[in-house]
Amino acid sequence: MGYKIILINQLENKKDYMNLLKKIYKLGYSRMLVETGLTFLNFLLKNKFINNLYIFKSSTKLGNRGKNNSSIQILKNISKKQIKINLNGDKLYKKEF
């Protein structure tokens, strides 16, 4: 196991990301785990780059201590199924596209 560095000119639009994903696929990887923030997640959802989405929801409310640079409306509109697992009060949801 190791890592590879992939050089790209830019990642600004869907075409740029498709080119990156094709390069990753040519390296022999057909699945990817992406841990992301809300802004990038919205981009992935809008451009239909996701097959399976797992959402971890903490029981701790950040309130004013959290920072959100993007809208959560896309996530609110997703119907998801809760997975029964002991996460000490936190929740795990799954959505297949």
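A short reminder: the numbers here are calculations on the coordinates, not readings from a lab. Model, not experiment: these values are computed from the prediction. Here the Cβ positions follow ideal geometry from the backbone for every residue, glycine too, while neighbour counts run over all protein chains shown.
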Checklist entry - Among Ser70, Ser79, Ser30, which one shows the biggest mean-square fluctuation in a GNM of the chain, springs joining Cα atoms closer than 10 Å? => result Ser30
Checklist outcome for this item: Among (1) 1.29; (2) 0.93; (3) 1.01, the value of Rg/Rh (Cα atoms, Kirkwood Rh) computed for this structure carries the label (3)
Item to check | Per DSSP, loop chymotrypsin sites (Phe, Trp or Tyr not before Pro) in segment 1-57 with at most 10 further Cβ within 10 Å | outcome: Tyr3
Checklist outcome for this item: Between the Cα axis of helix 14-26 and the main Cα principal axis of the chain, the angle (0 to 90°, nearest 10) is 70
Checklist entry - In the chain, which longest range has no trypsin sites (Lys or Arg not before Pro) that are both DSSP loop (not H, G, I, E or B) and surrounded by at most 10 other Cβ atoms within 10 Å? => result 5-30
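Okay, helix-only estimate at 222 nm for the chain: each DSSP H run of n ≥ 4 adds -39500 (n - 2.57), divide by all residues, round to 500 deg cm²/dmol; what do you get?
-7500 deg cm²/dmol
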